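Novice: Below is the structure I would like to discuss, written out as structure tokens.
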Amino acid sequence: HLAELIERYRGSPVAAGRSGSVLPHFSLDEIRTGLETHQLVLHYQPKVTTFSGVMRGAEALVRWNHPQYGLVAPLDFVPVAEQGGLIDDLTDWVLESALRQVHAWHARGLTIVVAVNLSAKSLAVPDLADRIATMASRIGVEPKYLMLEITETAVMSDLALSLGTLARLRLKGFGLSIDDFGTGFSSMQQLSRIPFTELKIDRSLVHGAAEKPHLHVMLQSTIEMSKKLHLTTVAEGVENPADWQLIRLLGCDVGQGFYVARPMPGEELAGWLKQGLTHLRMLRPPSPS
Ligand code: C2E
Ligand code: MG
Ligand code: MG
Ligand code: MG
């Protein structure tokens with residue numbers, strides 16, 4: 001029964017993408033229609049403490065439940081929305097839904113933090129911080145329960161422009177996470193100027209790392225730097241038990257990836273937690289090999 005459950009969650013629907021079935025290039029109008037006719041959905045992927053196996057939070061990942069193509073992955077429509085000026089509407093929808101979801105979880109006694117991905121384009125809008133604060137207070141979610149994820153490349157593309165928005169968000173009490181870290185060219189000096197609270201190591205440094213010794217020193221120094229900056233360190237893209245054990249060993253605080261759980265609909269998260277799957281599977285000692 002348990003094995004069945006594990007399989008179910010590990011195999012829960014992943015968004016289709018260019019890699020799989022052939023998708024057309026969606027136009028801005030099609031995406032706008034999708035947004036306006038409530039075809040977008042959020043899936044949530046747990047972030048789990050490596051030390052105790054306890055869930056710290058969940059990241060909201062947008063999908064487009066297309067009437068013809070099924071679940072469409074964000075990379076197949078978010079960039080078009082960004083370029084066409086639809087990103088603020090999309091971001092508002094994601095924020096609103098994620099905040100409602102976290103409010104519902106809290107009402108059921110699940111005090112977790114929800115994370116939302118922001119694009120570089122939204123950071124450039126001066127009133128973003130105020131808009132988010134107003135929305136959170138209207139829905140009844142304290143700022144500390146919302147984390148905003150921004151990729152390293154997005155922040156560094158125009159540090160001067162994003163710094164103001166990020167500082168305002170942090171001052172209001174929201175968490176700030178630097179996403180896909182290790183793919184850009186930021187220096188520790190630049191990083192220390194931005195009030196981040198979390199650093200997510202990019203999947204390319206994490207996936208298969210147990211079998212790639214050349215990655216160990218990079219992982220190790222990234223984790224050390226993150227600790228020196230007093231950031232919570234998250235490894236993304238943990239897909240197998242060996243990588244999970246490695247990041248634990250290197251002192252990474254939090255892990256996220258298909259090994260822990262795939263992104264899932266919000267209603268399934270409570271069930272996933274209840275089954276105690278995290279504890280059962282994460283605290284197992286490394287298998288002798
Ligand atoms: P991200 O924020 O770095 O999210 C992690 C991506 O890696 C997600 O893909 C997730 O499903 C996938 N992933 C998680 N664990 C594993 C693993 O163990 N192995 C592998 N191979 N992949 C894993 P997804 O959902 O397709 O999202 C892709 C990107 O799209 C996200 O990268 C994020 O940058 C962007 N995105 C997603 N939702 C939103 C949104 O609401 N707004 C904006 N602006 N961007 C979004
Ligand atoms: Mg993210
Ligand atoms: Mg990421
Ligand atoms: Mg990524």
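The values are calculated or read from the model by the stated rules, or taken from the named source; none is laboratory data. Just so it is clear, the structure is predicted and the values come from calculations on it, not from any experiment. For neighbour counting, all protein chains shown are included, and Cβ atoms are generated from backbone atoms with ideal geometry for every residue, glycine included. The protein model used for the area step is the full one, side chains on, heavy atoms only, and it has no ligands, DNA or RNA in it. Shrake-Rupley method; radii C 1.70, N 1.55, O 1.52, S 1.80 Å.
Novice: Just to be sure before I move on: is S186 open to solvent by 20 Å² or more (accessible area, probe 1.4 Å), in contact with a helix residue (DSSP H, G or I) (Cβ under 8 Å, 6 or more places away or on another chain) and over 20 Å from Q256 (Cβ atoms) in the structure I sent?
Specialist: Here the answer is yes, as S186 does meet what is asked.
Novice: How many residues are over 20 Å from the mean Cα position of the chain (by Cα), farther than 23 Å from G266 by Cα and in contact (Cβ under 8 Å) with a residue 24 or more places away in the chain if we restrict to region 115-156?
Specialist: 5
Novice: Could you list, in sequence order, the residues of region 139-153 that are assigned to a helix (DSSP H, G or I) and open to solvent by less than 30 Å² (accessible area, probe 1.4 Å)?
Specialist: Residues satisfying the conditions are I139, E152.
Novice: Restricting to region 73-104, what's the tally of residues that are surrounded by fewer than 18 Cβ atoms within 10 Å (Cβ to Cβ) and more than 30 Å from D29 (Cβ to Cβ)?
Specialist: Of the residues in region 73-104, 2 are surrounded by fewer than 18 Cβ atoms within 10 Å (Cβ to Cβ) and more than 30 Å from D29 (Cβ to Cβ).
Novice: Next question, about the same structure. Among the residues of region 39-64, which ones are among the β-branched types (V, I, T) and open to solvent by 20 Å² or more (accessible area, probe 1.4 Å)?
Specialist: Once the filter is applied, which keeps residues that are among the β-branched types (V, I, T) and open to solvent by 20 Å² or more (accessible area, probe 1.4 Å), region 39-64 yields V41, T49, V54.
Novice: Run down A167, A136, A160, A210 and say which single residue is surrounded by 21 or more Cβ atoms within 10 Å (Cβ to Cβ) and outside any strand (DSSP E or B).
Specialist: Answer to the selection: A136.
Novice: Would you please name the residue that is nearest to ligand 1 (Cβ to nearest atom), looking only at residues in region 176-200 that are part of a loop (DSSP other than H, G, I, E, B) and touching a Leu at 6+ places or on another chain (Cβ under 8 Å)?
Specialist: Ranking the candidates gives G182 first.
Novice: In region 105-133, what residues are open to solvent by 20 Å² or more (accessible area, probe 1.4 Å) and within 15 Å of ligand 3 (Cβ to nearest atom)?
Specialist: N117, A120
Novice: Right, here's the next one. Can you tell me which condition G173 does not meet? The list is (1) under 26 Å from L123 (Cα atoms); (2) at pLDDT below 95; (3) in a loop (DSSP other than H, G, I, E, B), and all the others hold.
Specialist: Every listed condition holds for G173 apart from (2).
Novice: Now, a different point. Give all pairs with beta carbons closer than 6 Å in which a residue from region 74-100 that is within 16 Å of ligand 4 (Cβ to nearest atom) meets a residue that is open to solvent by 10 Å² or more (accessible area, probe 1.4 Å) and assigned to a helix (DSSP H, G or I); count only pairs at least 6 apart in sequence or on separate chains.
Specialist: Once the first residue is within 16 Å of ligand 4 (Cβ to nearest atom) and sits in region 74-100, its partners that are open to solvent by 10 Å² or more (accessible area, probe 1.4 Å) and assigned to a helix (DSSP H, G or I) give E82/K121.
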